[in-house]
Amino acid sequence: MLQISDLRLPPDAGGDALLKEVSELTGVPPSEISGLRPVKRSLDARKKDRIRMVYTVELSVPDENAVLSRGLRQVKRADRKEYAFPPVTRHSERMPVIAGMGPAGLFCALFLARSGIPSIILERGKAVEQRTLDVENFWRTGRLDPGSNVQFGEGGAGTFSDGKLTTGIHDARVSAVLQSLAAAGAPEDILVDQKPHIGTDILKDVVRNLRDELLRLGCDVRFENQLTGLLHDGDALTGVRVSTPDHQYDLKTDALVLAVGHSARDTFQMLLEAGLPMEPKPFAVGVRIEHRQAEISRAQYGDSWEKLPPADYKLNCHLPSGRGVYTFCVCPGGRVVASASEPGMLVTNGMSRRARDGENCNGAFLVDVTPSDFEGSDPLAGVRFQRRWEGEAFRLGGGDFTAPAQLAGDFLSGRKSTAVGNIKPTYAPGVRWTDLGACLPGFVTESLRCALPLFDEKVRGFADPEAVLTGVETRSSSPVRILRNGSLQSTLRGVYPCGEGCGYAGGIVSAAVDGIRVAEMIAQG
């Protein structure tokens, strides 16, 4: 099997064109090439007059040595490293308990169960079917269910996003995650695309299918069951305390996976009181910025924009002040969504469907914050920082989950916005035009103002005076890190901090990978 990289074709070229390109490069007739398949695909739009789809492919030919002897830099032997779960050496008769059913918890449970170790999964929220109804009701009416929302419930916060699967980590487990998602109903192109995404509409079905596999493998999935306490004998875990809407019970276990997500603030408090070592960590705070998708695509692709998928962007800068500003979780053709999980706190996020066919493009527009910005140095100082500005946004929006919003031109000029421009905000239940400086730390406001014209130099129109800024975005990542040792356990033996909520991941794929790593440790325990 050979691998050929950097094959560049027009975006609308089909399989025949790819086969012809491979044949011309290798000197092998098309009839003698078999098993040709793309293993990686990306769009290169740096030269707008020569946009190309760039492929890496694998194929078989009768005489590989003859092709390799030509010394082509693009051609080498395929060296695909398949992930293999390690041998199971766990002998405990007690089922592991996994707290949280986001990507980290789901994939930890999945790979344990596939290796013959079913677990009990505690999810404080509801199954994705009911959760979807609760979230849509919140967006329609402004009535929040603190137990079932964008943050809490089956699938985790990523279920109501874009289903983006990009990651900066290089790990054989990444392919295992993508293959599992595809087997559960995600589009096959996630296995090939450089920027894979599923879309919220499809991701909900994928999550349900993963749950069905867990149940077939003997897992015990318990919705509306929240981890509320730890039981131990000395420095070893012996069980957990669980609360449901109408009762409380204890559950014996010697392995607890903390996959609680970045918004489980009451759980963080409980774990701190239980004595688990933790520390505050950096995250980011800012707003969602919305543009017309057509203008972003035109800026990125030029005149070819209508023939190409909706464009995104990835921008960052380091200001003279020392602050970093960047865009994150960009949702082409998407909408800004209400993502609160507590009464009196307003939070935004972004979401796209698979088709990414909405009128607007939105992205998080964020400023780095560090523990030195918090009031206090205790582990939960970052949580208080988030709550302060979420509360200010809630009040500024009118106290009913209407979000404060401002036009970019007014934001740059420091004046209150009074009416919508030519870009209609997508946030539901709705927006209230105001001055966002009242619900952002001063250094965040000033950093965003400095970054807007800089980003406009990279993506023309980013600082469009009528672009919509909606506040606030505070849940870019967890504000705490629950410490763990080389065996991925806390100082309380048997407790495994895991995923984004505990400070060890930054997205769907990296959280899922961390869940698999924890599963490996439990299986060998």
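The values are calculated or read from the model by the stated rules, or taken from the named source; none is laboratory data. No experiment lies behind these values; they were computed from the predicted model shown. Please note: Cβ atoms are built from the backbone with ideal geometry, for glycine as well, and neighbour counts cover all protein chains shown. For the accessible areas, the whole protein counts, side chains as well, though only heavy atoms, and no ligand, DNA or RNA atoms are used. Shrake-Rupley method; radii C 1.70, N 1.55, O 1.52, S 1.80 Å.
Worth pointing out:
- Taken over the stretch 195-224, the criterion of being out of contact with any Phe, Trp or Tyr (no Cβ under 9 Å at 6 or more places or on another chain), of a type outside the set (D, E, K, R) and either farther than 22 Å from Cys108 by Cα or touching a residue at least 60 places away in the same chain (Cβ under 8 Å) (or both) is satisfied by His197, Ile198, Gly199, Ile202, Val207, Leu214, Leu217, Gly218, Cys219, Val221, Phe223.
- Residue match in the stretch 465-477 (condition: farther than 30 Å from Lys48 by Cα, within 27 Å of the chain's Cα centre (by Cα), of a type in the set (D, E, K, R) and in a strand (DSSP E or B)): yes
- The listed residues are Lys81, Lys47, and the only one of them that is at pLDDT below 95 and either hydroxyl-bearing (Ser, Thr, Tyr) or closer than 30 Å to Ala299 by Cα (or both) turns out to be Lys47.
- Residues of the stretch 372-421 satisfying the condition of being in a helix (DSSP H, G or I), within 27 Å of Ala264 (Cα to Cα) and open to solvent by 50 Å² or more (accessible area, probe 1.4 Å): Ser372, Arg384, Arg387, Arg388, Glu392, Arg395
- Residues of the stretch 236-250 include none that is in contact (Cβ under 8 Å) with a residue 12 or more places away in the chain, within 30 Å of Val330 (Cβ to Cβ) and not in a loop (DSSP other than H, G, I, E, B).
- Meets criteria (open to solvent by less than 30 Å² (accessible area, probe 1.4 Å), without any contact (Cβ under 8 Å) to a residue 40 or more places away in the chain, part of a loop (DSSP other than H, G, I, E, B) and farther than 24 Å from Gly156 by Cα) for Ser487: no
- Criterion applied to Asn360, Asn349 was being open to solvent by 10 Å² or more (accessible area, probe 1.4 Å) and either in contact (Cβ under 8 Å) with a residue 60 or more places away in the chain or not aliphatic (A, V, I, L, M) (or both), and the one residue passing it is Asn349.
- Restricting the stretch 93-114 to residues that are part of a loop (DSSP other than H, G, I, E, B) and modelled with pLDDT of 95 or more leaves a set whose member that is surrounded by the fewest Cβ atoms within 10 Å (Cβ to Cβ) is Arg94.
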